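Chemist: Have a look at this one.
The values are calculated or read from the model by the stated rules, or taken from the named source; none is laboratory data. No experiment lies behind these values; they were computed from the predicted model shown. Ideal geometry is used to build each Cβ from the backbone, glycine not excepted, and the neighbour counts take in all protein chains shown. Surface areas here come from the heavy atoms of the whole protein model, side chains and all, with no ligands, DNA or RNA. Shrake-Rupley method; radii C 1.70, N 1.55, O 1.52, S 1.80 Å.
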Amino acid sequence: AALYGNRSASALMPGRHEDVIADCRRAVALDSEYIKGYHRCAKASMATGDFETTIAMYRQCLLREKGNKVFHKEKNAAELAAERLMRGEKHLGTGKFAEAVTCCEQVLRVCPAAKRVKLMHVNALNGAGQSDAAFKKCTELLRDAPRDAELLSLRARCLYLQGDFEKAITHLKH
């Protein structure tokens, strides 16, 4: 368990969240009392915006250390971020784009690797008439995933909203 736990700690710093989660799951499968495994899994899951796993892992931490204020604080932060995300989704669905942008930005402060939230943020920016900012965000995201069809489509939408119809169509063709 310690081997996987230590390896997960080294992966947490450079942002290899999926590796951290996998190693932590292995560690706690080998030793169900290995609290660092639950905690690191919770932190990595939070970074990716997986609130269900995050909260479940903090519950496991609190079962083992009921009075740990850090675990309580971090679990509460995850619950708040999940609530903000739901509020942002609601705002996006009802056309309240500026409010959706604010919710996404709040969530991204604590979940910097949450792709779903990043995509929602781009959609909210587009809806709020901030297609230049949305285009910039898409371009940043495409550096990490240059063939991501959803991102390419979103970037084409940004170009369309910016009034560059030819580039939008060309973008979709490639």
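Chemist: I'd like to verify a number: residues in the range 99-150 that are under 22 Å from Glu18 (Cα atoms) and among the β-branched types (Val, Ile, Thr), how many?
Modeler: The total comes to 3.
Chemist: Collect the residues in the range 60-86 that are of a type in the set (A, V, I, L, M, F, W, C) and surrounded by fewer than 20 Cβ atoms within 10 Å (Cβ to Cβ), keeping them in residue-number order.
Modeler: Leu62, Leu63, Val70, Ala77, Leu80, Ala82, Met86
Chemist: Let me ask another. Could you look through the range 14-39, keep only residues that are β-branched (Val, Ile, Thr) and either open to solvent by 60 Å² or more (accessible area, probe 1.4 Å) or more than 21 Å from His72 (Cβ to Cβ) (or both), and pick out the one that is modelled with the highest pLDDT?
Modeler: Ile21
Chemist: Let me ask something else. Hey, any hits in the range 78-87 for a residue that's more than 30 Å from Ser131 (Cα to Cα), under 21 Å from the mean Cα position of the chain (by Cα) and modelled with pLDDT of 95 or more?
Modeler: The answer is yes, given that some residue of the range 78-87 is more than 30 Å from Ser131 (Cα to Cα), under 21 Å from the mean Cα position of the chain (by Cα) and modelled with pLDDT of 95 or more.
Chemist: Give Lys90, Lys115 a once-over and let me know the one that is within 17 Å of the chain's Cα centre (by Cα) and surrounded by fewer than 18 Cβ atoms within 10 Å (Cβ to Cβ).
Modeler: Lys115
Chemist: Across the range 149-174, what is the total count of residues that are touching a helix residue (DSSP H, G or I) at 6+ places or on another chain (Cβ under 6 Å) and over 15 Å from Ala133 (Cα atoms)?
Modeler: Matching residues across the range 149-174 total 4.
Chemist: Would you mention how many residues in the range 40-56 are farther than 12 Å from Val110 by Cα and open to solvent by 30 Å² or more (accessible area, probe 1.4 Å)?
Modeler: Total meeting the criteria: 3.
Chemist: Scanning for something modelled with pLDDT under 90 and of a type in the set (Gly, Ala, Ser), does the range 139-151 turn up at least one residue?
Modeler: Within the range 139-151, one or more residues are modelled with pLDDT under 90 and of a type in the set (Gly, Ala, Ser).
Chemist: Shifting gears a bit: Could you grab the pairs with beta carbons closer than 9 Å, sequence gap of 6+ or different chains, first residue in the range 13-33 and within 16 Å of Arg64 (Cα to Cα) and among the acidic types (Asp, Glu), second one assigned to a helix (DSSP H, G or I) and open to solvent by less than 90 Å² (accessible area, probe 1.4 Å)?
Modeler: Here the result reads Asp31/Ala2; Asp31/Gly5; Asp31/Gly37; Glu33/Arg64, each pair linking the range 13-33 to a residue that is assigned to a helix (DSSP H, G or I) and open to solvent by less than 90 Å² (accessible area, probe 1.4 Å).
Chemist: Oh, and also: Touching a residue at least 40 places away in the same chain (Cβ under 8 Å) and open to solvent by 20 Å² or more (accessible area, probe 1.4 Å): does that describe Pro146?
Modeler: no
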